[in-house]
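Values in this text are rule-based calculations from the coordinates and carry no lab data. Every value quoted in this text rests on a predicted model; they were computed, and no experiment measured them. For neighbour counting, all protein chains shown are included, and Cβ atoms are generated from backbone atoms with ideal geometry for every residue, glycine included.
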Amino acid sequence: MRKFDHLVLAARNLDLQRDFYARLGFTLTPRAQHPFGTANSLVQLQGNFLELLGVADPTAIPAAGSDRFSFGAYNQAFLEKREGFSMLVLASKDAAADAAEFKRLGLDAYDLFKFGREATLPDGSKARVDFSLAFVTEPSMPEAVFFTCQQHAPQYFWRPEYQRHANGAIRIAEVVMSAGDPARYQGFFTRLMGDSAALSPEGLTFAAGGEQVTVLSHKSLARRYPEIERRDTGASPRFEAYAIEVEELGVVKALLAKSAIPFRATAASLVVPPSTAFNLAIEFTGRR
C-alpha cells in the first residue's frame, strides 16, 4: 500500500493555526512561501508530516487547466467554503511513474508538477528543496484531492530538530473520511492506494505497515466522533479526522489540560474536536 507522505490542513489564518499546533505540543518549521501563492509550516514526524497551509498571495495563484492541476487554486476554493483537511498526500520515489500509472488505471490524473522553494534549517541557514507531484481527482469527490510527492533533496527537508515534539508525536497513523456509501468508492481507493480494501458494515479500511485509511458511513462516523457536527453535505466523501500515534497519552492529556484545549477521552485515545481544531477532529492514540 502507498504510504502517507503528509496531510494538507488548510486554514484562513496560518499564524493562528501555527499557534494552535504549538499549544498541542508540536514543534513547527518556520513559515515558508510557495511560488504559487500559498504559504505553509510543517510538523515533521517519523516518516510523514502535517502541512499547515494558508493562502498568502492570491495574485500569484495560477489557474487550473485540463491537464494542469493548480494546488493554490484548489485550496483557495476549499477555504472559501470551509477550513479543514483538504488533501491526502502519498509518498513516492518516482512521481512521473505514478502519474503514468494513474492514467493507465483510468484515474483522473494530470501532468507532473515540479516546484522548489527555500527552506530554513534549524541553524537559520537556507537550502533549496525540490518536489515532483502527481495529482489525482475524482469528479464525485469535489472536497477531496490526492497526490503523490517525490522529494529531491530529503537531506535538507527532514531534520531531527523538527521531529522532536513535547507531546511525543511519532507519526500519522490513520486518515478518516466519511461518505454516504463507502462501498461505492472501493474501486477508486484500490487503484489509488495500490492495495485492496476490507469492506464492512462500518465502511472501507486500507491498512498496511501501521498506517490506515478509513472511509466511514455517516452513521459510523457519528458513533466514532460524536463531536463532528452532522452536515448536509450529501454522499460526497470528505476528510474528517486524522490520528497521531504518540509515546504516552498521559503526556498529551497533561499538555491539553495545561493549554486549556478541550478533548474527549476514550479507552484508547484523546480526541480534540473540530470546533477547536480548525474544522477537523484530531485523535491522539498510544503506540500501535
request  = Run the quick spin-label model on ARG104 and ALA268: label points 7 Å from Cα toward the beta carbon, then report their separation in nm to one decimal.
outcome  = 3.7 nm
query = Given that compact globular proteins tend to follow 2.2 N^0.38 Å, what is the ratio of the alpha-carbon Rg of the chain to that value?
reply = 0.95
query = Taking Cα pairs under 8 Å and at least six residues apart, what relative contact order does segment 4-162 come out at, in percent?
reply = 23 percent
request  = Return a single number: how many Lys pairs in the chain, at a sequence separation of 8 or more or on separate chains, have alpha-carbon atoms below 29 angstrom apart.
outcome  = 15
request  = Tell me the trypsin sites (Lys or Arg not before Pro) within segment 105-187 that lie in a loop according to DSSP and have at most 16 other beta-carbon atoms within 10 Å.
outcome  = ARG164
task = Using the number of other C-beta atoms within 10 angstrom as an exposure proxy, rank ILE61, ILE261, ILE282 with the fewest first.
result = ILE261, ILE61, ILE282
key: Inter-label distance, nm, simple model (7 Å from Cα along the C-beta direction), ALA22/ALA97   = 4.1 nm
ask   = Which of the listed residues, GLN151, ALA241, LEU105, is farthest toward the dipole's positive end in the chain, when Lys, Arg count +1 and Asp, Glu count -1 at the beta-carbon?
value = ALA241
request  = Please tell me the relative contact order of the chain in percent, rounded to the nearest whole number, where contacts are Cα pairs under 8 Å and at least six residues apart.
outcome  = 18 percent
query = Taking the Cβ of ALA257 as the center, what net charge do the other residues with Cβ under 14 Å away carry, scoring Lys and Arg +1 and Asp and Glu -1?
reply = +4
note = For TYR162, TYR156, ascending order of other Cβ atoms within 10 Å (fewest first) is TYR156, TYR162
Farthest toward positive dipole pole in the chain [+1 Lys/Arg, -1 Asp/Glu at C-beta], among ALA169, GLN46, ALA77 = ALA169
ask   = Any idea how far apart LEU112 and ASP130 come out in nm if each label point goes 7 Å out from Cα toward Cβ?
value = 1.1 nm
Cα-based radius of gyration of segment 169-285 once divided by 2.2 N^0.38 Å, which approximates compact folds = 1.10
task = Calculate how large, on average over all directions, the projected area of the Cα convex hull of segment 4-162 is; give the answer in nm² to one decimal.
result = 9.2 nm²
task = For ARG68 and GLU161, calculate 0.36 nm times their separation in residues minus their Cα-Cα distance, and state this gained length in nm to one decimal.
result = 29.9 nm
query = How much FRET efficiency would the formula 1/(1 + (r/R0)^6) give for ARG191 and ALA77, where r is the Cβ-Cβ distance and R0 is 35 Å, rounded to 0.05?
reply = 0.90
remark   = Mean separation of Cα contacts under 8 Å (at least 6 apart) over the residue count of segment 169-285, i.e. the relative contact order in percent, is 29 percent
